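Report on the structure given below.
What follows draws every value from the coordinates through simple rules; no lab data is involved. Here the structure is a predicted model, which means the values were calculated and not measured. Don't worry about glycine lacking a Cβ; one is built from the backbone with ideal geometry, like all the others, and counts go over all protein chains shown.
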Amino acid sequence: MSGLHKRRALTGSCRTCHSWGVIDPISPLVRHTDEIPDEHWDDPRRGGASWRTFFSRDVTPTTALTTGVSTVPPGQALAPHRHKIVESYFFIHGRGVVALGEGEYEVDAGSAVHIPSLTVHGVRNTGSTTLQFFYVFATDSFADVEYEFAHGLA
């Protein structure tokens, strides 16, 4: 079985050969960034970050976690915000600062961040290259995450 066919066998379909039908909700799944649309907010108060969600119950047959990759261009930020869902970041590329509660922490490739429920947090790219991080929410779906941005916090 070729690498493409092995990869597609895990997802339940193969673009180059045929579709194998419905995937069991707890089946293994492999996705690649080139298959996932880039998303962003149209509200500049939320910052200039974009993201690609790998696994989320509303778009994939998965449960328990929502994961993806966020990209912050040089000089841009993911504005301070909070939500009830616990989140974690793992930085893949670039340099930046994470605001976490009352503190600010320098981050770069290899840094990991744990964000408890309702903790105000944000990410600012302080480098000259793209800042990229992997995110994980402890919930089935990205739709479960209700963002409150700092400009709307009391």
* Structure fact -> Rounded to the nearest 0.05, FRET efficiency between Phe90 and Asp144 (Cβ-Cβ, R0 22 Å) equals 0.60
* Asked: In nm, to one decimal, how far is the His114 label point from the Thr126 one, both placed 7 Å along Cα→Cβ?
  -> 2.4 nm
* On a C-alpha basis, how far is the centre of region 62-76 from the centre of region 121-148 in Å? Whole number, if you could? => 5 Å
* Binned Cα-Cα distance frequencies in region 70-154 - 5 Å width, integer % -> 3, 16, 26, 26, 18, 9, 1
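Once the Cβ-Cβ distance between Val59 and Val97 is put in as r, and R0 is 30 Å, what FRET efficiency do you end up with, to the nearest 0.05? Before the final figure, lay out each step's value.
Working: r = 31 Å, r/R0 = 1.02.
Taking R0 as 30 Å, the efficiency between Val59 and Val97 is 0.45.
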